[in-house]
Amino acid sequence: MIKLYDYVLSVNCYKQRLLMSILDVPYESIPVDFYPGWEHKSEAFKKINPLGHIPVIDDDGYILWDAHAILVYLAAKYDPSGQWYPAGDPERIGETASWMLFAEGTTNTASAARLCVNLEYDFDLEACQAGAHRLFRVLDEHLWFRERQGLDWVCSGAHPTIADLALFPDVVLSEEGGISRMDYPALRRWTDRFRRIPGFVPMPGIFPPAAVKAGSPD
Amino acid sequence: MTADPFTMWHPVASAHDVPYRHVHQAQLLGRELAVWRADDDYVNVWENRCLHRGVRLSIGSNDGTELRCQYHGWRYANRSAGCTYIPAHPADAPARTICNRTFGSVERYGLIWSGESPVGDPPTVDVLEAGTPFGLRNLPVNAPVSLAVRHLQSHRFAPCGRLDAEAPSMTVDGVSDYSVTLTARAGDSQSGDSQSTVVFFVQPVDSARCVIRGVLADAPPAGEQLAVWRHHSTELDQLRTAIEAEAASMPAPEPMVPVLQQVPLHLAEVPDAPAGRQPALRVQVQRKWGAAAGVAAFELAPLEGVLPTFQPGAHIDVHLPNGLVRQYSITNGPGESASYRIGVKLEPDSSGGSSCLHETVREGDVLAISEPRNNFPLRRDSTRTVLMAGGIGITPLLAMAQALDRMSLPFELHCFVQSAEHVAFAEVVDGLGGSVVRHLGLSPDETVAEIRRLAASYESFSNLYVCGPGPMLEAVRREASSAGWPDDAVHFEYFKNTNEIDDSSTFEVALARSAMTVTVPAGATILEVLRGHGVIMPSSCEQGACGTCVATVLEGEPDHQDVYLNDSEHRAGDRIMTCVSRAASDRLVLDL
């Protein structure tokens, strides 16, 4: 069984739990005392990941770190539909890679602001917040135009990808970092749609969605 | 002369910002708003804070009829914003006075309009009335409204059909404090002139923030719409960069501080309860129809404003044209707050109540009703909820069943009726699917046997609710009690009190808080005597069935003659129904 070196409040660990829940992949969560124990920086943990980061997965001896890399691996290996990582479609795989890089930006701004506020990280909070607002403006406009074309997700096509999944927790927890989403209504609607994906699981601060209206298209 | 923005209507959302089952977060003049569309298409604009702990309601969930706060699950009804349920008090109905602050809402030109205390109607704009309004993408801007309005007057865009036009000529057709109307024209020797008019409404979010909401007067053809949206989005984005650059060079104004509403005086003070059964509301019979064999249903809509919030199990007093007052349960599902629906069975030996409603009251008539009262509240923390309805007794249970169904809580609704034609509100019952069991045409003995089977075992956290004719209620109470159901797990509502009231005793009643002692003579009730002495008491059925006129007993032994309290409550002797019950001792001391 896959082992996930995990911390309940980490957005990057949550991304793995979320994908494995959606893909119905069993896994074992191995809790790492990230805060306040800084266990991921211990010598013992650096034998697993010399960078001292979580998440890390151990899939029957195959070790992989970096949250977005693990998403690529899990989707490529465990999604029989081939939709979450659309490897057979060059255009969609290009878009997925592009928005995954964009998600590195939201992790380094929105989620970094959350670490400042919640876990006493010493980042420049105002710079993180301003950076997140710049990215959210771009993403909100992108999703607004997607909606006008009857599309629900950041990449083309009718199915969400790991790019949506990589962005979702950074966006939906932004208020914990003092970043309001009031100015981004299309982004707020996308978070509702994402939470209705079958297999969705919450984490602290992320709530389950309301049921859809009977007979409505979404 | 600048108009007061607090008395004006402003846009707070685009229609597409409020899809079903979503809560839009908005802000107007410094006040945050939660904006949500119910399944009946009513758009609610509410203060964005839960009355409980101030949590933003915009993170709550919109279940189509109610908004549920994400933190502690308080539920608020569509339209009235009244609280319908508090999970921490599962056995109680929330006070009717717990009601969130609401603001007006009107949908016009593809925008949702609201305001703090708007006067009149939202603005009508001739060019939009005459055209086919087409909403552009909203643009939030970190700058004061006045700056956005000034920059908008020199804004440039190309007309539809000529998006490639290099130098369209622009005219400013109109400017107000909160809007700018522009027309772009482009000439072409071959295809002639193209022109487009856009009205830009500017929503004052806060002193240093606004949202530009452009509406094109005439919708472009479907094939061109995406290009038109893109063109305006690009041009407005450039405009925003210029506006925000200028705003950044100016001192930031103080943020606006919304005034949070104090509890209104009429709620903060002890109300003057009506001396008798005085109707509070006037309603119109919007629809009257046959809901089952012998049952007339009435849909009662308010003459103005919105109806008070109700909880499942609640009833209203209906004041009839012939002077009689009768109680009927509200059958509505949760959040169905546009009207109350009641069902009335024609009683063969009617003393004038049901026959008046069946024969005299017609669609369009105006009736007086009381505000809803709930003396039959529903617990929503049960692991098993059994609802047993005898005939028309289904009415309060139907409201309960719909509330439980909406919250995905398990329940069984047992309908005991003569035949399938006697199931009232059959279309609603059918919608409850497999949770409904119909028991058709059972004899009295078979009914008792079936009740015995259904109530055969009691497990903790089970609750049983029954409403129906007296003999059925007696059977349920007896069978449940002998199967081990505690009194506080068996909830019942009688249609009426069929006990023969013995009012031959004479006794003294002392009111502890009012420092007053009165004598209740034979032939008079406690309620009548107290009212005669100026004591203000609410009441409803006045026959010991509904529970409205309850008083707390401090000393003395009550002579219970009501059917509202259960046996253990009667034995406890600490409450009394003042409309029928009397004193077994010489003197009663009441907490009044």
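Using helices alone, what [θ] at 222 nm do you get for chain A, with -39,500 (n - 2.57) per DSSP H run of 4 or more residues, divided over all residues and rounded to the nearest 500? Before the final figure, lay out each step's value.
Numbers: 8 runs with 99 residues, N = 218.
-14000 deg cm²/dmol, from helical runs alone.
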- Task: For region A:48-62, take each phi angle, set θ = phi - 60°, evaluate the Karplus expression 6.51 cos²θ - 1.76 cosθ + 1.60, and give the result in whole Hz per residue in order, putting x for glycine and proline.
- Result: 7, 10, x, 7, x, 10, 10, x, 9, 10, 10, 9, 6, x, 8
- In debye to the nearest 20, the charge dipole size for region A:90-195, taken about the Cα centre with +1 at each Lys and Arg Cβ and -1 at each Asp and Glu Cβ, equals 420 debye
- Shape category assigned to region B:507-590 from the gyration tensor of Cα positions, a/c cut at 1.5: oblate
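Within region B:1-102, which trypsin sites (Lys or Arg not before Pro) sit in a loop by DSSP and count at most 12 neighbouring Cβ atoms inside 10 Å?
The qualifying sites are B:53.
Using a ≥ b ≥ c from the Cα gyration tensor of region B:299-342 (square roots of the eigenvalues), is it rounded, prolate or oblate, where a/c under 1.5 gives rounded and otherwise the larger of a/b and b/c decides, a/b for prolate?
Oblate is the answer for region B:299-342, as a/c is 1.5 or above yet b/c matches or exceeds a/b.
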- What value, in deg cm²/dmol to 500, does the helix sum -39500 (n - 2.57) over DSSP H runs of n ≥ 4 give at 222 nm once divided by the residues of chain B? -5000 deg cm²/dmol
- Note on the structure: The farthest towards the positive end of the charge dipole of region B:1-122, of the residues B:122, B:11, B:100, given +1 on Cβ of Lys and Arg and -1 on Cβ of Asp and Glu, is B:100
- Query: How high is the relative contact order of chain B, given as a whole-number percent (alpha carbon pairs under 8 Å, six or more residues apart)?
  - Reply: 10 percent
- Specify which residue in the list A:36, A:80, A:145 is farthest towards the positive end of the charge dipole of chain A, using unit charges on the beta carbon of Lys, Arg (+1) and Asp, Glu (-1), about the Cα centre. A:145
- Query: Going through region A:32-116, which trypsin sites (Lys or Arg not before Pro) have at most 10 other Cβ atoms within 10 Å and a DSSP loop state?
  - Reply: A:47
- Return the whole-Å distance between the Cα centroid of region B:340-416 and the Cα centroid of region B:430-471. 16 Å
- Per residue of A:177-184, count partner chain C-beta atoms within 10 Å of its C-beta, then hand back the mean as an integer. 4
- Task: Give me the net charge of residue B:42's neighbourhood, meaning all other residues with Cβ under 13 Å from the Cβ of residue B:42; Lys, Arg count +1, Asp, Glu -1.
- Result: -4
- Percent relative contact order of chain A, based on C-alpha pairs within less than 8 angstrom and at least six residues apart? 21 percent
- Within a Cβ distance under 11 Å of residue A:113, other residues only, what is the Lys/Arg minus Asp/Glu net charge? -4
- Count the net charge of all other residues whose Cβ sits under 13 Å from the Cβ of residue A:34, scoring Lys and Arg as +1 and Asp and Glu as -1. -3
- Item | Euclidean distance between Cα centres, region A:49-121 to region A:127-195, Å | 17 Å
- Message: Which of the three applies to chain A, rounded, prolate or oblate, going by the alpha-carbon gyration tensor with a ≥ b ≥ c and a/c under 1.5 meaning rounded?
- Response: oblate
- Item | Shielding score for A:136-142, defined as the mean number of other chain Cβ atoms within 10 Å | 2
- Task: About the Cα centre of chain A, how large is the charge dipole given +1 on each Lys and Arg Cβ and -1 on each Asp and Glu Cβ? Please answer in debye to the nearest 20.
- Result: 480 debye
- Item | Amide H contacts under 5 Å for residue B:111, placed H, 5+ residues apart | B:15
- In region B:451-535, what GluC sites (Glu not before Pro) fall in a loop by DSSP, with at most 11 other Cβ atoms inside 10 Å? B:459, B:500
- Rg(Cα) / (2.2 N^0.38 Å) computed for the protein assembly as shown, rounded to two decimals: 1.14
- Relative contact order, percent, region B:103-247 [alpha-carbon distance under 8 Å, six or more residues apart]: 28 percent
- Query: What is the ratio of the Cα radius of gyration of region A:2-78 to 2.2 N^0.38 Å, where N is its residue count, to two decimals?
  - Reply: 1.02
- Once you average over the residues of B:17-25, how many Cβ atoms of partner chains fall within 10 Å of each Cβ? 6
- Using all C-alpha to C-alpha distances in region B:33-133, build P(r) with 5 Å bins and read off the rounded percent in each one. 2, 12, 21, 21, 16, 11, 7, 5, 3, 1, 1, 0
- Message: For the protein assembly as shown, give me the percentage of DSSP beta bridges that are antiparallel, rounded to the nearest 5 percent.
- Response: 75 percent
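Taken together, the values in this text are just the output of simple stated rules run on the coordinates, not laboratory data. Here the structure is a predicted model, which is why all the values come from computation and not from measurement. Glycine gets a Cβ as well: all are built from the backbone with ideal geometry, and neighbour counts include every protein chain shown.
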